[in-house]
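Have a look at the structure below, then the notes.
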């Protein structure tokens, strides 16, 4: 099955890439989740638009990725969240919350899909190390301090 990716899919490609996958994987996983659309001649004309949108958000080269990694390393990121007696959060901190906190702390705009949390979500108060995949060769780490909301 020939598909056009609309989002980043690990091990397969990025937005705008035309890929050939097994029918079941495309029909049952990629298309229903909105990660890809079926390839047609008309849809292929949209590939240019998808790629242009990707280039605007994407870090251009290794040097730029290293600069952004240095910015993130020097940044102090803190989040306030409601917590119970034992330091357990009511809810959790997600990758989108981390991206918003980095932006609020004066850091660069990040893509939430590139943020790698230590677990699926952060569910406790304290300092947590979060990784951000800026480039295939550059992995930036930053410390996120989760504090209880008063």
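Points worth noting:
- Compactness check for the stretch 62-148: Cα Rg over 2.2 N^0.38 Å is 1.07.
- Percent of beta bridges antiparallel (DSSP, the stretch 62-148, rounded to nearest 5): 75
- 0 to 90° range, to nearest 10: angle between helix 95-104 axis and the chain longest Cα axis: 70
- Springs between Cα atoms under 10 Å define the GNM used for the chain, and in it the highest mean-square fluctuation of 88, 33, 51 occurs at 33.
- Residues in the stretch 71-86 that a label on residue 116 would reach, taking backbone N under 18 Å of a point 7 Å out along Cα→Cβ: 72-73
- Counting only DSSP beta bridges with both residues in the chain, the antiparallel share comes to about 80 percent.
- Most mobile listed residue (109, 64, 85) in the chain, GNM with C-alpha springs under 10 Å: 85
- Cut-off 12 Å (backbone N to label point 7 Å along Cα→Cβ of residue 129), residues of the stretch 80-102: none
- Quarter of Cα convex hull surface for the stretch 2-57, i.e. mean projection, nm²: 3.6
- Tilt relative to the chain, helix 62-73 - C-alpha long axis, 0 to 90 degrees, to 10: 30
- For 112, 22, the sequence from fewest to most other C-beta atoms within 10 Å is 22, 112.
- The mean of 1/r over all pairs of different alpha-carbon atoms in the chain, once inverted, gives a Kirkwood hydrodynamic radius of 17.3 Å.
Only the coordinates and a few stated rules stand behind these numbers; no lab work does. Nothing here was measured: the structure is a model prediction, and the numbers come from that model. Methodologically, a virtual Cβ is constructed for each residue, glycine included, from the backbone with ideal geometry; neighbour enumeration extends over all protein chains shown.
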